[in-house]
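Derivation of every value follows stated rules applied to the coordinates shown; laboratory data play no part. This structure is a prediction, so every number in the text was calculated from the model and none was measured. Methodologically, a virtual Cβ is constructed for each residue, glycine included, from the backbone with ideal geometry; neighbour enumeration extends over all protein chains shown.
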Amino acid sequence: MEATVSPVAVRPKQAARMLNISQRTLWSWTKAGLLPHVRVGGAVLYPVAELEAWLRQQAARQAARQQAEAAEQVGGQDDGDGR
């Protein structure tokens, strides 16, 4: 039986598919330095473990931002008595 080997890094098309974004968005984020990537010769590769860590960080930031916004809404509500 052969073991399935997971790739250490993927090419742009696979990375875009993994993140469920367009290749154009992937390139835009890559050029902006937002996504972890490495250049090997003329190829751009995206390390899978680093992409997964990046996605977890983005999710954590989004959750923290949503919690902060919810806290502001609760704390900033007017009770209607004019004070």
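If R₀ is 25 angstrom, what is the calculated FRET efficiency for the pair ALA70 and ILE21, using the beta carbon separation as r and rounding to 0.05?
Numbers: r = 27 Å, r/R0 = 1.07.
The formula returns an efficiency of 0.40 here.
What does the charge count around ASN20 come to, taking other residues whose C-beta lies under 14 Å from its C-beta (Lys +1, Arg +1, Asp -1, Glu -1)? Don't jump to the answer; show the numbers that get you there.
Working: positive: LYS13, ARG17, ARG24; negative: GLU52.
Here the count lands on +2.
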Query raised in the report: Relative contact order of the chain: what whole-number percent is it, with Cα pairs under 8 angstrom and at least 6 residues apart?
Result: 26
Query raised in the report: Given charges of +1 on the Cβ of Lys and Arg and -1 on the Cβ of Asp and Glu, with all other atoms neutral, how large is the dipole of the stretch 15-73 about its Cα centre, in debye to the nearest 20?
Result: 260
Query raised in the report: If one computes the Cα centroid of the stretch 50-67 and of the stretch 1-24, what distance in Å separates the two points?
Result: 20
Report summary line: Rounded to one decimal in nm, the spacing of the 7 Å Cα→Cβ label points at ARG11 and ALA53 is 2.6
